[in-house]
Amino acid sequence: MELGIASWSVPWSIGVRGYPPPSPPLGVMGLVEKAAELDVRVVQIADNLPLHEIAAAELDGLREAARARAVTLEAGTRGLDPEHLMRYIRIARRIEARVLRTVLSGSLLGPEEMAAAEAAIRQVVPMLDHEDVTLALENNEAFSAAEFAGLIRRISSPRVGICLDTANSLGRPETLQTVVKHLAEHAVVLHAKDYVIHRIDTRMGFSITGAPLGEGRVAFDDVLAELRRHGRTGISIIVEHWPPFAGTIEETVRIEREWLGRSVRFLRSKLSA
């Protein structure tokens, strides 16, 4: 298992719509430098830093910067439109990324949307095969974990797997045990997120907020053990965060960077145990 970071490890440093922008915002080169600073070997560049908006020359520079620092790149986007995915498969090959992560709409979807998702993925499988890229579909509230697993089994391609996120399926809602039970065997990437759950002051409901890895409710020992049990020892493990806005963008970015350091140290200790 190879430890890494992503553009969603540092969303406030990149910029979050509707909030004050950081100065200067972190770009793709800065993300690679951050990985080198943290001594991690994988960088996943996802939809909050869209690769299709970056000029070809800058993509080439990104590939060379990653090579020079012994960093493996992964590409990321959002949605399953076949033409868009094919564009991203080409981008992935250009930057020497062997993994392309994508995520569906953050709303509950039904059988018609599942059929459309399956048809779209089947359309790009030949190109994934040809370009030696693996599509990693991230679990979230769009479908249940069992439905995501069924989709992967029906497509039955070594080029299509799961980006297993430890928090996203809370929106369904599903427990982490359920998510891991259904999806660990299909995982090609792990998005490691942690969170805490508090009762609100009226005692009539709960609040879920992010936390540095190892400081919340996620049982990472169990997650890693299940991945190993299924032989998923060659996957990347990507730190992701849900740090709250702290009143100013400067303070929020400071907290985000502090969380990132703590989270990387925590995961490194788990992987070396």
Open item on the list: Pairs needed: first member in segment 191-207, touching a residue at least 24 places away in the same chain (Cβ under 8 Å); second member anywhere, in a strand (DSSP E or B) and of a type in the set (S, T, Y); C-beta distance under 9 Å; at least 6 residues apart or different chains.
Closed with: Y195/T209
- [ ] Say whether the condition of being modelled with pLDDT of 95 or more and open to solvent by 80 Å² or more (accessible area, probe 1.4 Å) is met by at least one residue in segment 261-270.
- [x] yes
TODO: Please find, among A142, A184, A146, the residue that is hydrophobic (A, V, I, L, M, F, W, C) and surrounded by fewer than 17 Cβ atoms within 10 Å (Cβ to Cβ).
DONE: A146
Task: Residue in segment 233-248 that is among the acidic types (D, E), open to solvent by 10 Å² or more (accessible area, probe 1.4 Å) and under 20 Å from the mean Cα position of the chain (by Cα) present - done: no
Task: Pairs with Cβ under 6 Å, 6+ apart, first in segment 103-129 and closer than 20 Å to A46 by Cα, second open to solvent by 50 Å² or more (accessible area, probe 1.4 Å) and outside any helix (DSSP H, G or I) - done: V103/R78; L128/R159
TODO: Can you confirm whether segment 151-173 contains a residue that is open to solvent by 10 Å² or more (accessible area, probe 1.4 Å) and acidic (D, E)?
DONE: no
Task: Search result, residues across segment 5-24 that are open to solvent by 20 Å² or more (accessible area, probe 1.4 Å) and assigned to a loop (DSSP other than H, G, I, E, B) - done: G15, V16, R17, G18, Y19, P20, P21, S23, P24
TODO: Could you please let me know if R199 is over 26 Å from I5 (Cβ atoms) and open to solvent by 10 Å² or more (accessible area, probe 1.4 Å)?
DONE: yes
Task: Residues that are within 17 Å of V133 (Cα to Cα) and open to solvent by 40 Å² or more (accessible area, probe 1.4 Å), drawn from segment 82-111 - done: E83, H84, M86, R87, R90, R93, R94, E96, R98
Open item on the list: Looking at (1) within 30 Å of S272 (Cβ to Cβ); (2) open to solvent by less than 40 Å² (accessible area, probe 1.4 Å), which one does G79 not meet, given that it meets all the others?
Closed with: (1)
Open item on the list: Condition check: closer than 19 Å to A136 by Cβ and either hydrophobic (A, V, I, L, M, F, W, C) or modelled with pLDDT of 95 or more (or both). Does M29 satisfy that?
Closed with: no
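The values are calculated or read from the model by the stated rules, or taken from the named source; none is laboratory data. All figures in this text were calculated on a predicted structure; none of them were measured in a lab. Glycine also receives a Cβ, built like all others from the backbone with ideal geometry; neighbour counts cover every protein chain displayed. Calculation scope for accessible area: heavy atoms of the full protein, side chains included, ligands and nucleic acids excluded. Shrake-Rupley method; radii C 1.70, N 1.55, O 1.52, S 1.80 Å.
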